[in-house]
Each structure stands twice: as C-alpha cells, then as structure tokens.
1. What does the structure give for B:82-91 when I average, per residue, the other chain Cβ atoms found within 10 Å of the residue Cβ?
2. What angle do you read, to the nearest 10 degrees and between 0 and 90, between the alpha-carbon axis of helix A:260-276 and the longest principal axis of chain A?
3. Just to confirm the number: angle between the C-alpha axis of helix A:452-468 and the first principal axis of chain A, 0 to 90 degrees, nearest 10?
4. On a 0 to 90 degree scale, rounded to 10, what angle separates helix A:68-77 from the longest Cα axis of chain A?
5. In the neighborhood of A:Ser158, defined by Cβ-to-Cβ distances under 14 Å, what is the net charge if each Lys or Arg adds +1 and each Asp or Glu adds -1?
6. Could you tell me which residue out of A:Leu121, A:Val446, A:Gln143 lies farthest along the dipole of the protein assembly as shown toward its positive end? Charges go on the beta carbon: Lys and Arg +1, Asp and Glu -1, centred on the Cα centre.
7. Among the GluC sites (Glu not before Pro) within segment A:63-115, which fall in a DSSP loop and have no more than 11 other Cβ atoms within 10 Å of their own Cβ?
8. What number, rounded to the nearest 500 deg cm²/dmol, is the helix-based mean residue ellipticity at 222 nm of chain B, given -39500 (n - 2.57) per DSSP H run of at least four residues and division by all its residues?
Amino acid sequence: MTEKALHVLLVEDNAGDARLLREMFSKEKVESFHLTHYLRMSDAETHLAKGGVDIVLLDMGLPDAHGIETVRRARAAAPNVPMIVLTGLEDEALAAEAMKEGAQDYLIKGQIESRALPRALRHAIERHRMQVETDLVRILQLQLKDEFLSHVSHELRSPLTSIYSFSSIIADGLAGQTSPQQDEYLQIILKNVSQLQAMIEDLIMVMQAQTGKLSVELLQTSVADAIVYAVDTLRRAAAAKDITVTFRPSKTLRLAYADPTRLRQILTILLDNAIKFTPTGGAVHIGAQSFEDDPTFLRVEVSDTGRGISSKAAERIFDRLYQVSDNGEAGRNGLGLGLYIAQDLVARQGGRIWVRSELQQGSHFSFIVPVFSLEGLIAPILAHEQKPGEAIAVLSVEITSRVNSQAVPSEILSLARSLLQQCLRPDTDLLLPNLNAASEHMLFYVIAYTQQQGAEVIERRILSQLRRNGQLQPADFTIAVSHSFLDPISRDANESMKTFIGQVAAGIQDHIGKQSFQERS
Amino acid sequence: MSQKKILIVDDDPEVRLSLHVRLKVNNYDVVFAGDGVASIAEARKHMPDLIILDLGLPAGDGFSVLERLKANVILSMIPVIVVSGRVRIPNREWALKAGAIAFLQKPVDNARLLSVIRHALGEKGSSEPVVYELGDTVN
C-alpha cells in the first residue's frame, strides 16, 4: 500500500528556522511530504480555509499573530486539522497552553532531530484521528440515549393518555350516567394514572440529567413563591389525610439566585414526601430563612411529624432508587427517584440538601440555595480590562403586548430572554435576571462594558434579533430599547476589586431603581 | 353565536375520538386529520379557528406541519396548540419557536386543555395565562 503524500503547512517567519525545517523534509522521500510555507498568519488562514492540509506546523511568534492567539486563529480557520506548535526553549508553559487549546504536540526549536520530525507529524495526525473518532462515538451514544428517551416517553404516555381520556369521559358522565360505586372506582383509576404519570416524569428527568439535557436557568427568584406553589399543588393530598401544612414567610427573606421551575420541583418533591410519610392528622411545616452558617445562602426546611428515618437510612436516602423499607403502612412508594432528583436539582443550583431525623420523631429536610447578589453577577464582566473610553452602559429592553394590555405569557418571556442572550458578547455583556421575580412585565436590563458606539450597535442588534422572530411582531408587541451610561467610577490602583464591584453594583441599583431588588411583601 | 371550529391533527384514532367527545360537549365543532399532508389540506378546506397538533405524524411530522402553516399568509393566522407525548425539553422550546402558542404534554388534564383552548380563541372566562411548567400533571 502506498502512503498518500502528507500536506504539511509550515507557518514560520524566521528564515533560519524555516530553512532548517525544510532541510529535514528534503531528506525524506519526495512523494511522502508536500510542504507549503507561509510567513504570516493571515496567509496561512487563507490557505487553511481552502482545505487539503493534513497538519500544521505553527510558530507561535509571527509578524501578525503572537502566542496563544496563533493557535486559536489556526484552530478557527481549520478546526479539524491537527497542529504541532514550534516554541523556544523557555516557552514550555506556552506550549502547554497551546496543547490545552487543541494542539496535538509541541517541538522545541533547535532541539528537533531530523528523523524525529516526520514521526512526530505522523503521530500527531494519528492521535488527532483517534480523538475525533472517540468524540464521534460519544456523540453517537448520547444521540442513541436521547432517541431512546424520546421513544420511551412517547410510548409510555400514549396508552396512559387513552386510559386517562376515556376514564375521565366516563367519570364526567359524557358516556351515560354512572352509579356512585362506578364513580368511586373511576376515581381510583384516575388516581393511579396520576401516579404513573409522575413516575414517567421522574424517569425521564433522571435520564435527561444523564444525557446532559437537564437545563437550569438561574434567575433572581422568590423562594416563598415556590413554596406557595408547592403547597397549592399538594393541598388536596394533604387535606385527604387531614394534615395541616403551615408556612410563614419571613418578611425580610431575600431573593434567591435559582431556577424558579426547579425550585418548585424540589419543594413539590419534599412536600409530597412529607405528606406521604406523615400519619393522618399530622402536621407539616415549611420554613425559609437566611442560612445560619453562611448568609450568602437561603435555607428552606420541610418538617413533618411522621415516623422519621433511622440514621442508617438517612445516609442513603438521597441515593438513586433508594427506598426506606416499611411494613406496608405507606402503601406504594413510587420509584424512589424523588429525593435523588431533589438532590441533583439542588446541586445544579449551587446548593446542598440534607436531612435531620430520628425514628418516631419526624423528619426535617433542609436545602440551601444561593442568595441573589448583583455583585456576584457583575464581577466577571468587571474583570475584563478597561479600555480608554469604555464605561458601564445599562441597556433597557421593554416589550409590551398590544393586546388588551394583557400580561405577557411566560413562553414569550423566556423566548425573549434567549433571543437577547444571543445578542451579547460573553465576556463584556450581561443580561440581568428578571428583576421583578414574578412579573409578566417584560423589562430586561443588559449591563455592557462598552463605548457609546458599542452600546448603539448592541441596541440595533437586539432590535433586529427580536423583530426577526415570528412571535414578536409589531402587530402584537411594541419593543423599546434604550441605553444610558453609569456615572464614571474611578478605579485607582489602591482600590480593591471588591470595593469597585460594590460601587458599580450600587450604581446599577440606583440606575434601575432600588425597589426592583427587594422582595415584594 | 356560531360554533368555533377546531382541527385536531393526530395519527392516533383513540386521541381523535376522546378529543372529539370532550370538545363536542363543550360546544366546539371538530374536524380531523391523521397525517401531515392531510392536516394542511384540512386546514385550507375548513379554515379552523384553532389547530391542535400532535408532533409524531406520518407524512411530515408536526414540526414540518407547523412550518408549513406558519409560512402561509392565511394559515399562519390560525393559533396552534402542540399536544405531544414527547419529552418537554427540547420539544417545548422548538414548538414555541416555530410559532405554536402552547406546548402541552400528554396526557393533558381536561380542565387545563379547555382553559388553553379558550385562551387561544380569546374567549371570556380564560383568565388563566398560558403557563405550563411543572403543571402538566393530571390531578
């Protein structure tokens, strides 16, 4: 089998180095290598874009690109072409960085053996090929898992839908009059449909978490709202067992930085559990306060007067599929995924969950989630180096429905949010989470480190991006985008970053209006 | 007041039958299509006030139906509710981006389905906003 000639692209501006390397190749068989040589990054980029290159030999100090930038640009021009970087003796740290950016190997100039070079090239190409294959296999596996998930979801839900639809049609008397006894039995069927459905939901959720499809969107959000939602959802279940559920929100409770949907899920799981394991006539109490050990977290506690958990069981209670063994008193328990899911969701929001319990003394489940802090949010964009003329711009984007002053549906709200996100530069712009926790009013704020011109560019980008979407047309919504700059805050060398961040945060708060940052009473 | 017409697009005859019973009793006129191609033809023929669309369909899945509806000047005016047994993420987002006004997961609670339908048709007594996050469970 004859080997195909390798097309090597050499990017090197130093004439001496380039000559040495060329000579190494000239000792090889003419048909095994085809060498192209450029002095500048820009020419190399043009050449790479045409395709056909098998490997790049890249010097990291070029007239028009330097250091790690050379690697990034070469990768951008040809993401799938393996690359070996050429560095000086003192630059091994830089070489390591280049490897992190995707270079396959590095060679130190002046230490390259002529026979080692072709071998290094072939090895780099082979390693790259294997890496691509491994990535491909992993992607395929995830795709398969995903397809399976989709299939399971659909196939389990279809028969369940039929059972639900027709039992409820009979129960509602749409297929003739039913006897009281028939009604009672139909309610049992419907209750079981609910249980099955909840189990399917849990299964899908766990599988989605495993394929990385479980999304968590952190926002400024009210824990109290999530608790009220969960209590509302399970009101009937509690009433059926004559269990009193109490929740007294503290007036000074701060907003959390969490995903409102996921918070509601966690609370629904904990409350459902508490009701399930508390005997008739018992009590469940929910509390929410600042976390005693760390005021940057909120702690939520769900306590019951149930039979409690042994310390041995408490250790394993958040494990997947774990179920506390019982004497049949609680009936069927489901899949044993609830607390596992709760733990996973808490962890994904930067929190922690634990249980304190003794047998026959009831259980106290606690979890913590971070308190919302504007400082924490803006810190990353302020770390960006300030250029002359740059300042902090606050852009406001207001979307109002034209239809009967109706509230904007939450779907449109999250659609607008994801469209806005696409308009921003990752390092210097920040879309603030919804400042009014439960509002259907669409007012978004973007903080951008930019100049006057830059702010105008972002404004135009936002407007056209939103209008391009079929659901945000002028007939249905008005969109107003505007910007202004914060008063300049001097950032002298002696001042700590923390003070600076604090001042900027205060500036933004003043700008937007302090009331937006406080919990509604 | 004339009856509002709803086009149900679903390949499962059991779903069509149960929705037929449920919607008739609530005073809606119901027409059907069992696949992607028929759904566009039926939409043109009947010009319904609302379309309830399943995602898994023969002859062009629900997304391509949605695309074709939204690409047509007249048909794009008809509100579409996607009702599917598929996983919520990412289908919900796709459906909404493609122009559906709501994504409901099967099995859909009857009261909820009716509330979303009334909301979509702009009928009175539909104060409930179209918010379905956790809420698609049957209670």
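1. The mean count of partner-chain Cβ atoms within 10 Å per residue comes to 5.
2. 40 degrees
3. Around 60 degrees separate the two axes.
4. 80 degrees
5. Taking every other residue near A:Ser158 into account, the sum is -2.
6. A:Gln143
7. A:Glu90, A:Glu113
8. Mean residue ellipticity at 222 nm (helix-derived): -12000 deg cm²/dmol.
Values in this text are rule-based calculations from the coordinates and carry no lab data. The structure displayed is predicted, hence computed values, not measured ones. Cβ coordinates were reconstructed from backbone atoms using ideal geometry, including for glycine residues, and neighbour counts include every protein chain displayed.
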